[in-house]
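Engineer: Below is the structure I would like to discuss, written out as structure tokens.
The values are calculated or read from the model by the stated rules, or taken from the named source; none is laboratory data. What you are looking at is a predicted structure, and each value in this text was computed from that prediction instead of being measured. Cβ placement follows ideal geometry from the backbone for every residue including glycine, while neighbour counts extend to all protein chains displayed. Ligands, DNA and RNA are stripped out before the accessible areas are found, and what is left, the full protein with its side chains, is counted by its heavy atoms. Shrake-Rupley method; radii C 1.70, N 1.55, O 1.52, S 1.80 Å.
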Amino acid sequence: MSQLIEINWLKKNLNNDEIKIIDGTWHMPGAGVNAFEIFKEKHIPNSIFVDLELISDPESNIPHMMPNEDYFSKKVSSFGINNNDHLIIYDMYGMFSAARIWFMFKVFGHKKISILNGGFPAWIESNNEISNQVEKINKTIYKASLDKSLLVDYKDILKNITNNKYQVIDARSPERFSGTNEEPRPDIKSGHIPKSKNLFFNDLIDQNTKKFIEKKEIENLLKKSDIDKNKDIICTCGSGVTACILKFAIELINEKKNIKIYDGSWSEWGSIKDSPCEKN
């Protein structure tokens with residue numbers, strides 16, 4: 001099973017009972033767009049819509065935090081997903097929130113998960129069928145098993161500033177990383193975690209095709225960004241979404257890397273008054 005699925009493969013397997021196609025589109029705060037309403041108008045045939053907000057921890061004041069096993073199990077069961085389904089995940093941007101959905105299923109022990117390379121834009125570009133039919137869902141009994149080893153928290157990152165065990169990579173734009181641009185969420189300070197490196201997630205995506213750049217280009221980008229890929233890696237971003245794009249891309253060139261995600265990311269770090277912060 002490939003982590004990255006191409007358009008032609010999905011076209012051939014569109015009616016394969018062993019796969020479930022997930023539209024995991026999520027929009028930034030303030031975008032004023034309802035992802036599910038757009039899904040009802042146009043999506044890849046046989047897709048189901050999975051709302052990132054709906055499967056995240058409802059009790060956390062930090063966006064997109066991992067929920068507990070029971071909550072995730074119940075929500076995923078309501079989507080008609082089985083533990084042995086091969087999940088193919090895409091989003092309307094090509095590559096944005098799909099990686100977070102991929103990571104959440106990975107954290108909760110799902111074995112067969114792939115991302116559609118280029119997402120919905122690449123599907124349309126290839127002149128494939130588009131549907132406005134919302135599939136009838138039969139509930140299942142999904143069993144999630146949380147792998148905490150893939151997650152780190154505020155204390156872990158704070159400790160890492162001193163012991164420097166992990167290379168921390170921030171997926172936000174250079175302007176947000178350097179602190180020259182304000183954060184999109186209110187009451188969040190600007191800047192970045194001390195000693196972290198910046199690798200803007202969009203640089204990993206070909207802006208014409210919306211597909212991941214070639215593996216050699218990913219390697220060159222890591223070198224250019226002064227990232228030591230031999231160290232253990234933690235990825236962070238604004239709210240734990242685009243950090244997962246970094247994880248996915250780096251694991252394309254080193255599948256044994258097993259990169260961790262700082263779940264709270266800058267939404268947590270930037271909201272804590274005395275958290276160490278750099279600007280440059």
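Engineer: Measure nothing but the geometry: give the 0 to 90° angle between the long axis through the Cα atoms of 215-224 and the longest principal axis through the Cα atoms of the chain, rounded to 10°.
Structural biologist: 20 degrees
Engineer: Just to make sure I understand: if all protein chains stay in place, what is the order of Asp51, Asp91 by accessible area at 1.4 Å, largest first? Before the final figure, lay out each step's value.
Structural biologist: Numbers: Asp51 55, Asp91 0 Å².
Heavy-atom accessible area, descending, gives Asp51, Asp91.
Engineer: Is the shape of the stretch 203-248 rounded, prolate or oblate, going by the alpha carbon gyration tensor and its root eigenvalues a ≥ b ≥ c, with a/c under 1.5 for rounded and a/b larger than b/c for prolate?
Structural biologist: On the way: a/c = 2.27, a/b = 1.12, b/c = 2.02.
Cα axes put the stretch 203-248 in the oblate bin.
Engineer: Right, here's the next one. Could you work out the relative contact order of the stretch 23-180? I mean the mean sequence separation of Cα pairs under 8 Å and 6+ apart, divided by the number of residues, in percent.
Structural biologist: Details: 213 pairs, mean separation 43.3, N = 158.
Once divided by the residue count of the stretch 23-180, the mean separation gives 27 percent.
Engineer: Sorting Leu252, Leu54, Leu87 by accessible area (1.4 Å probe), largest first, what list results?
Structural biologist: Correct descending sequence by accessible area is Leu54, Leu252, Leu87.
Engineer: With a 1.4 Å probe and all protein chains in place, put Asp147, Asp70 in order of accessible area, largest first. Provide the component values of the computation, followed by the final result.
Structural biologist: Numbers: Asp147 60, Asp70 90 Å².
Reading off the accessible areas and sorting them downward yields Asp70, Asp147.
Engineer: Can you tell me what the convex hull of the Cα atoms of the stretch 1-152 projects to on average, as an area in nm²? Present the calculation step by step, with values, prior to reporting the outcome.
Structural biologist: On the way: hull surface 35.8 nm².
One quarter of the hull surface, i.e. the mean projection, equals 9.0 nm².
Engineer: Now a separate question. With each label point set 7 Å from Cα along the Cα-Cβ vector, what nm distance links Asn84 and Ala31?
Structural biologist: Using points 7 Å along Cα→Cβ, the separation is 3.5 nm.
Engineer: Could you pull out the longest piece of the chain with no exposed loop GluC sites (Glu not before Pro) in it, calling a site exposed if DSSP puts it outside H, G, I, E, B and it has at most 16 other Cβ atoms within 10 Å?
Structural biologist: On the way: sites that count: Glu6, Glu18, Glu59, Glu129, Glu135, Glu182, Glu214, Glu255.
Counting only loop sites that pass the neighbour cut-off, the longest clear stretch is 60-128.
Engineer: A further question follows. Quick check on the stretch 36-87: take the gyration tensor over C-alpha atoms, sort the square-rooted eigenvalues as a ≥ b ≥ c, and tell me if it's rounded (a/c under 1.5), prolate or oblate. Each step should come with its number before you reach the end.
Structural biologist: Details: a/c = 2.93, a/b = 1.36, b/c = 2.15.
The shape class here is oblate.
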